[in-house]
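The values are calculated or read from the model by the stated rules, or taken from the named source; none is laboratory data. None of the values given here were measured: they were computed from a predicted structure. No Cβ is skipped: glycine too gets one built from the backbone with ideal geometry, and neighbour counts run over all protein chains shown. For accessibility, only protein heavy atoms count, side chains too; no ligands or nucleic acids. Shrake-Rupley method; radii C 1.70, N 1.55, O 1.52, S 1.80 Å.
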Amino acid sequence: MDRTLRLVWIYPDLLSTYGDRGNLLVLARRAQLRGITVEIAQVNSDQRVPADGDIYLLGGGEDLPQILAAKRLHGDGGLAAAADRGAVVFAVCAGYQIIGAEFGGVDGEPVKGLGLLDIRSGRGDLRGVGEILADVDPALGVERLTGFENHQGVTRRGPDVKPLATVLTGVGNGDGTEGAYAGHVLGTYLHGPALVRNPGLADLLLGWVTGGPLPAIDPRQEELVADLRAERLTAVQR
């Protein structure tokens with residue numbers, strides 16, 4: 001990549017539960033280990049979202065901050081404009097619901113989402129809390145996902161949206177699948193943070209930006225994440 005990679009962390013003042021900022025840090029680190037220059041824009045909810053970023057990240061949040069974030073992103077328009085031109089969007093939990101067509105509000109009432117993914121989320125009867133394992137759509141070439149979920153959302157996909165993965169342990173979307181993607185927009189219920197636990201997913205996003213195979217990272221730089229993955233996978237599979 002012969003230019004600077006721009007990472008945009010959207011509304012950390014509203015959407016940043018369970019250490020989701022780690023997704024930003026691991027993307028930056030894995031890019032830098034490959035010699036890619038990185039620029040990070042941290043955009044709070046009282047600031048404009050730049051439309052010229054490469055990867056946009058949204059984290060989780062409680063009901064009221066989630067609703068406020070959706071309203072401000074609607075009024076801002078920067079994220080929608082970036083997605084329209086093909087920028088990568090990675091959204092977690094509340095962020096995942098926000099990028100859909102609608103999600104459930106404080107009392108379960110429908111709240112308008114951004115419509116970047118043709119998904120609709122509402123309140124389920126049971127809350128999904130705990131570790132989750134899921135096998136990724138083979139078309140994406142990513143290893144099994146490990147993560148932590150804490151949500152009561154049930155998410156339905158439109159016909160042009162594919163599930164990110166099939167659930168082995170946990171709840172995910174509530175129908176045996178976890179997450180969803182279409183084009184370069186991808187969402188998941190996984191915390192952990194998701195990209196720290198699943199470097200293959202981080203590399204998928206980076207590859208979407210660079211448009212080609214990524215250079216390998218020195219295995220010595222992968223030891224900690226490999227240990228984390230092995231520990232989490234083993235703990236859940238016991």
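Kindly indicate the residue of region 140-156 that is under 18 Å from Asp118 (Cβ atoms) and free of Cβ contacts under 8 Å to residues at least 40 places away in the same chain and also least open to solvent (accessible area, probe 1.4 Å) among those meeting that condition.
Our first condition is that a residue be under 18 Å from Asp118 (Cβ atoms); within region 140-156, this holds for 153-156.
If we keep only those that are free of Cβ contacts under 8 Å to residues at least 40 places away in the same chain too, we end up with 154, 156.
On the way: Val154: 53, Arg156: 136 Å².
The residue in question is Val154.
From the list Arg72, Arg34, pick out the single residue that is open to solvent by 20 Å² or more (accessible area, probe 1.4 Å), assigned to a loop (DSSP other than H, G, I, E, B) and among the basic types (Lys, Arg). Result: Arg34 is the single residue among Arg72, Arg34 that is open to solvent by 20 Å² or more (accessible area, probe 1.4 Å), assigned to a loop (DSSP other than H, G, I, E, B) and among the basic types (Lys, Arg). Asn23 meets the conditions (1) open to solvent by less than 10 Å² (accessible area, probe 1.4 Å); (2) over 15 Å from Gly192 (Cα atoms); (3) touching a residue at least 60 places away in the same chain (Cβ under 8 Å) in every case but one. The failed one is (2). Scanning region 119-130 for residues that are open to solvent by less than 60 Å² (accessible area, probe 1.4 Å) and within 26 Å of Ala83 (Cβ to Cβ) returns Ile119, Ser121, Gly122. When Gly104, Gly100 are screened for being buried (at least 18 other Cβ atoms within 10 Å of the Cβ), modelled with pLDDT under 95 and in contact with a strand residue (DSSP E or B) (Cβ under 7 Å, 6 or more places away or on another chain), only Gly104 passes. For region 39-53, the count of residues that are open to solvent by less than 50 Å² (accessible area, probe 1.4 Å), part of a loop (DSSP other than H, G, I, E, B) and in contact (Cβ under 8 Å) with a residue 60 or more places away in the chain is zero. Checking region 226-238 against the condition returns no match, with no residue being open to solvent by 50 Å² or more (accessible area, probe 1.4 Å) and over 19 Å from Ala134 (Cα atoms). In region 185-225, the qualifying residues are those that are assigned to a helix (DSSP H, G or I) and exposed (fewer than 11 other Cβ atoms within 10 Å of the Cβ), and the one that is nearest to the chain's Cα centre (by Cα) is Leu224.
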